[in-house]
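Only one structure is covered here, and it is reproduced in the block below.
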Amino acid sequence: MRSKYDMTGELQQDQNVLTFGEGGFEASTSEASVLLPSKSPISKLGTTNPSVSNAYKRPQIDALESGKLTRGGVVTEGSAGSTAISLATVAPAYGCKCHVVIPDDAAIEKSQIIESLGATVERVRPVSITHRDHFVNIARRRALEANEVASKHRKSDQMNGKPLEQTIDYTIGEEKQSTALPHNCKGGFFADQFENLANYQAHYEGTGPEIWEQTGSSLDAFVAAAGTGGTVAGVSRFLQEKNPNIKCFLIDPPGSGLFNKVTRGVMYTREEAEGRRLKNPFDTITEGIRINRLTQNFMMAKLDGAFRGTDLEAVEMSRVLLKNEGLFLGSSSAMNCVGAVRVAQSIGPGHTIVTILGDSGMRHLSKFCNAEYLSQHGLTPKATGLEFLGIR
């Protein structure tokens, strides 16, 4: 069945809306309708989309081809979870291990998934990017340490006839931790999802063209939140090069400075400067989006504007889509759908709007999809439709 909400919020039948599993698309991709006030609201499911996984293959392929990474090496990354899951999935296909550093306020399910995929996980306290123990900075150091281990053990292959284990001790805060790298480790490579332009390039060459082809080049707007900025940058630049009339927007959660940068030209106010915060306050329940610095990837974006979303809007949207569409979404996907509604309200009815559903609710069971956790933070959903966005 194909359905949508009109501007009154009523559920109506509409033959223009592409629904989950329908349409003439490749078997490995999917489309889903979102209950939005527009002609053809479309959301690409990033969890089953080849271009999204390609974004995480690309840095490893480039590194292997350049010699920065060899089979038997360790790929390291600092991630709130979703990118790390993709890296942990892809790395073994290239004969590599994966070591992921995650802030310890991220949903525990992500760590469990990553470990189940064979990667090692290091959970650390959330701090500013300017702090040496920010999860991204630690991941960078782990790659350097792996290279040091590989260099040492090229000189000695065995000890007592068995592979030698090199244990690296490191200190985070007041706690001493350790990680073991196998003797045959061939070095480390820091994937650097925030600054590595292979991220942007993969979406420019993959996700953007897929959207263009799968909509028959008939779309009016694209909207997405930014974690690294790679998706929104690659897609927006490709689409606007194809058709400058396509409007591209950012949806930004609480605690992020990108909304101010896009709309006012300043990254943050003096009080909001992340470099002034040694501790990371509870800014948002959403995970994988929200940054307070301009990344190399985000700087490639071509945007026409930005919208600010709230935690409650994301929670309400996720429940509305679960109830009416059978879509069990994570926090960033729900925020993207909030953005799609905001765009629809801005440009009016009769337009095709595209966004990305990049994470599943299965990765957010302990927080975003947990009723007790939401209640503790005053985020219990109550909406029956889209009234929380002013649509009645």
### Task
Taking the residues in the range 242-257 that are at pLDDT 95 or above and over 14 Å from Leu303 (Cβ atoms) as candidates, determine which candidate is surrounded by the fewest Cβ atoms within 10 Å (Cβ to Cβ).
Asn245
### Message
Just the residues that are outside any loop (DSSP other than H, G, I, E, B), surrounded by fewer than 23 Cβ atoms within 10 Å (Cβ to Cβ) and of a type in the set (A, V, I, L, M, F, W, C), please, taken from the range 353-372.
### Response
Met362, Ala371
### Message
Between a residue in the range 378-392 that is at pLDDT below 90 and any residue that is open to solvent by less than 40 Å² (accessible area, probe 1.4 Å) and among the basic types (Lys, Arg), which pairs come within a Cβ distance under 8 Å, given they are 6 or more apart or on different chains?
### Response
none
### Message
When you check Gly275 against the structure, is it assigned by the TED database to the domain that holds Ala226 and either modelled with pLDDT of 95 or more or crowded, with 19+ Cβ neighbours inside 10 Å (or both), yes or no?
### Response
no
### Task
Out of Pro209, Pro244, report the one residue that is assigned to a loop (DSSP other than H, G, I, E, B) and farther than 15 Å from Thr352 by Cβ.
Pro244
### Residue satisfying all of: in the range 110-125; in contact (Cβ under 8 Å) with a residue 40 or more places away in the chain and surrounded by 17 or more Cβ atoms within 10 Å (Cβ to Cβ); farthest from Ser366 (Cα to Cα) among these
Thr120
### Query
Among the residues of the range 220-228, is there at least one that is at pLDDT 95 or above, farther than 21 Å from Ser332 by Cα and either part of a strand (DSSP E or B) or not hydroxyl-bearing (Ser, Thr, Tyr) (or both)?
yes
#### Entry: Single condition Val17 does not satisfy, out of (1) at pLDDT 65 or above; (2) of a type outside the set (D, E, K, R); (3) in contact with a Lys or Arg (Cβ under 6 Å, 6 or more places away or on another chain)
(1)
### Task
Evaluate the range 32-48: report whether one residue or more is modelled with pLDDT under 65, part of a helix (DSSP H, G or I) and open to solvent by less than 40 Å² (accessible area, probe 1.4 Å).
yes
### Message
Of everything in the range 220-241, what is open to solvent by less than 10 Å² (accessible area, probe 1.4 Å) and either on the phi > 0 side of the Ramachandran plot or not small (Gly, Ala, Ser) (or both)? Give them in sequence order.
### Response
Phe222, Val223, Gly229, Val232, Val235, Leu239
### Message
Which condition from (1) more than 30 Å from Asn370 (Cα to Cα); (2) modelled with pLDDT under 95; (3) not hydrophobic (A, V, I, L, M, F, W, C) is the one that Asn137 breaks?
### Response
(2)
### Message
Of the conditions (1) modelled with pLDDT of 85 or more; (2) under 19 Å from Ile356 (Cα atoms), Gly81 satisfies every one except a single condition; which number is it?
### Response
(1)
## Note on the structure
Of the candidates Gln193, Gln177, the one satisfying the condition of being surrounded by 24 or more Cβ atoms within 10 Å (Cβ to Cβ) and modelled with pLDDT under 95 is Gln193
### Message
Going through Ala340, Ala334 one at a time, which residue ends up being free of Cβ contacts under 8 Å to residues at least 60 places away in the same chain and closer than 26 Å to Gly234 by Cβ?
### Response
Ala334
### Message
For the range 373-383, which positions are aromatic (Phe, Trp, Tyr) and open to solvent by less than 20 Å² (accessible area, probe 1.4 Å)?
### Response
none
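The values are calculated or read from the model by the stated rules, or taken from the named source; none is laboratory data. This structure is a prediction, so every number in the text was calculated from the model and none was measured. Positions of Cβ are generated from backbone atoms using ideal geometry, with glycine treated the same way; all protein chains shown enter the neighbour counts. Heavy atoms of the whole protein, side chains included, go into the accessibility calculation; ligands, DNA and RNA do not. Shrake-Rupley method; radii C 1.70, N 1.55, O 1.52, S 1.80 Å.
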